[in-house]
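Have a look at the structure below before the remarks.
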Amino acid sequence: MVRPAARRVLAAAAAAFCLPALAGALIRAKITDAGPGKTLVPVHGYGQIGKRQYLDFDPRGFAAHPGRLSMRAASGGGIVVLGPPAVGITARRTVESGDPAGIIRDGKGRLSGHLGEAPADFGFVAEDATIGGRPAWIIPSSQDTGVWVIHVHGLGSSRSQCLRGVAAFAALGYTSLLPTYRTSLDLGTTPERSHLGLTEWKDIEAARRYAMDRGARRILFVGWSLGASIVLRTIERCPEPGIAGALLVSPALDWPAIISAQLRRSGCPGFLARWLPHTVSLVRRRGEPVIRWREMPATHMHNHPSIPSMIFHGTEDHSVPIKLSRAFVSRHSQSVGFVEFDGAHHTLEWNSAPQLWNESVQAWCRTLGLETPVDLIEPVSEAK
C-alpha cells in the first residue's frame, strides 16, 4: 500500500515530467508544422481607377509592408500580384496581374511575398527535372560559367518562394536549380512533419550531386529561413571543394533563441522561454528524430562551415529576430557578410528592396572569385 506522503511525491514527480513533456510536444508540433500559413488578412475596400483595380487594407498591418506582394483568396485560386502600397487612411495596392474577384467575394485572403507560381511567371524558360523522385526546376544559363545556384525554400513553403531571387544570379550567367524536399508544398500531399534539416539535408545533397553530374564546377547555395539551416547542414555533412558559398536569407540558425523569442512575444516569462525549447525531445512521435540543439549548424553561434557566406535579413522580422543574425555575424566577421533590409519582414527582403538585393548579390559574387558577372538586368515578374 502506498502511503499518502508517497502518493504526493509520486504525483509531484509525474507532474514534474508530464508538464514539460506536454509543453515540449506542443512546441515541437508548432515549429515542425510544414503546412501552409493560415493567417487571413481582411480587405477593407476595393474599386477601380482608370483601368487599374485596387484593394484597400489596414495601414497598420502586414499589407502596408514595403514593396510588391501577392494575395490568394481565402477560398483558394490563383495568386493576385499587388503593387507597392500607397499608405494613407488605408494601405491601397493596385492589382498588377491576376483576378481579384475571389478575394473581393471572400473579403479576405492570404498575403505573401511570392510573386509567381512557376518560372514562366518571371520570364524564365525552365526545364523540369526529377531528383530522388521529387520534382525540380532548372533555369539554365545562356553562358557556360560552370556555376550552379541551388535555391532551398523554407518551412511550409514551395520552390516558388525562391523565384524572386533567381534573376540576380541569371544575369551573372549562373544556372539555377530549384529542388523540392520531403516537406515541400509542391509535392501535392499533406506534408510530413519537418525535422528542421536533420533529414531534409539529404534531399539537397542529392540536388548538389545532380548539378555536379551535369557539368557544375562551382556551387552556390541560397537558403531561405529553414532552408538556411538545411543548406548549412548539407555543407557540414558533405564539405566539397566545389561549394563556393552560401547566401542565407532570413536564416533560421539559432533555434532555441528563435523559439524563446516567440514564447516571450506570447507573454511567456523569460526563464521559462529560455528553458522550454530544451523539452522538445521528451515526447516524440514514432520515426521523429531526437533534436539536439548543440549539434544543429550555427546554433549557439558555433559549428559554422568555413565557407564564404552572406546573410540578408529584414529589420522587422518577427519570426527570426534580426539580432540573431547580427550576433552570428559578429562571431564570424571574417567569413560572413551581412546586408540589412530596412522594414522587411520574414523572407521579404527582395520585396522591400529588389535593387539592393540584386546589387548585393553581384558584389558578393565578385568577392568569391567566380566568373566575371555581366550587368544586372531588371528582374521580370509577370505573375498570373
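The values are calculated or read from the model by the stated rules, or taken from the named source; none is laboratory data. Just so it is clear, the structure is predicted and the values come from calculations on it, not from any experiment. Heads up, the Cβs are rebuilt from the backbone with ideal geometry, glycines too, and the neighbour counts pull from every protein chain shown.
Here are some notes:
- Flag for Ser309 being more than 13 Å from the chain's Cα centre (by Cα), surrounded by 15 or more Cβ atoms within 10 Å (Cβ to Cβ) and either at negative phi or at pLDDT 95 or above (or both): yes
- In region 212-228, the residue that is nearest to Leu155 (Cα to Cα) out of those that are in contact with a Ser or Thr (Cβ under 9 Å, 6 or more places away or on another chain) and crowded, with 24+ Cβ neighbours inside 10 Å is Leu226.
- The set of residues in region 304-363 being outside any helix (DSSP H, G or I) and hydroxyl-bearing (Ser, Thr, Tyr) consists of Ser306, Ser309, Thr315, Ser319, Ser333, Ser335, Thr347.
- The number of residues in region 175-213 that are part of a loop (DSSP other than H, G, I, E, B) and touching a residue at least 40 places away in the same chain (Cβ under 8 Å) comes to 15.
- The set of residues in region 42-54 that are under 11 Å from Arg93 (Cβ atoms) and either assigned to a loop (DSSP other than H, G, I, E, B) or of a type outside the set (Lys, Arg) (or both) comprises Val43, Tyr46, Gln53, Tyr54.
- In this structure, Val125 does not qualify as in contact with a Phe, Trp or Tyr (Cβ under 6 Å, 6 or more places away or on another chain) and farther than 28 Å from Leu40 by Cβ.
- Test: residue in region 226-246 that is of a type in the set (A, V, I, L, M), touching a helix residue (DSSP H, G or I) at 6+ places or on another chain (Cβ under 8 Å), closer than 30 Å to Ala129 by Cβ and in a loop (DSSP other than H, G, I, E, B): no
- Test result for Met301, at pLDDT below 90, on the phi > 0 side of the Ramachandran plot and surrounded by 14 or more Cβ atoms within 10 Å (Cβ to Cβ): yes
- Any chance Ser142 is of a type in the set (S, T, N, Q) and under 15 Å from the mean Cα position of the chain (by Cα): no
- Candidate set: region 279-297, residues that are surrounded by 12 or more Cβ atoms within 10 Å (Cβ to Cβ) and without any contact (Cβ under 8 Å) to a residue 40 or more places away in the chain; chosen: the one farthest from Leu22 (Cα to Cα): Glu295
- The residues on offer are Arg193, Arg237, Arg233, Arg265, and the sole one that is among the basic types (Lys, Arg), buried (at least 24 other Cβ atoms within 10 Å of the Cβ), at pLDDT below 95 and closer than 28 Å to Ile27 by Cα is Arg233.
- Selection from region 229-253 of residues that are more than 20 Å from Ala363 (Cβ to Cβ) and either under 12 Å from the mean Cα position of the chain (by Cα) or free of Cβ contacts under 8 Å to residues at least 40 places away in the same chain (or both): Ser229, Ile230, Val231, Thr234, Arg237, Cys238, Glu240, Pro241, Gly242, Ala252, Leu253
- Going through (1) surrounded by fewer than 16 Cβ atoms within 10 Å (Cβ to Cβ); (2) free of Cβ contacts under 8 Å to residues at least 24 places away in the same chain one by one, Gly78 falls short only on (2).
- Meets criteria (closer than 27 Å to Gly37 by Cα and in contact with a Cys (Cβ under 6 Å, 6 or more places away or on another chain)) for His114: no
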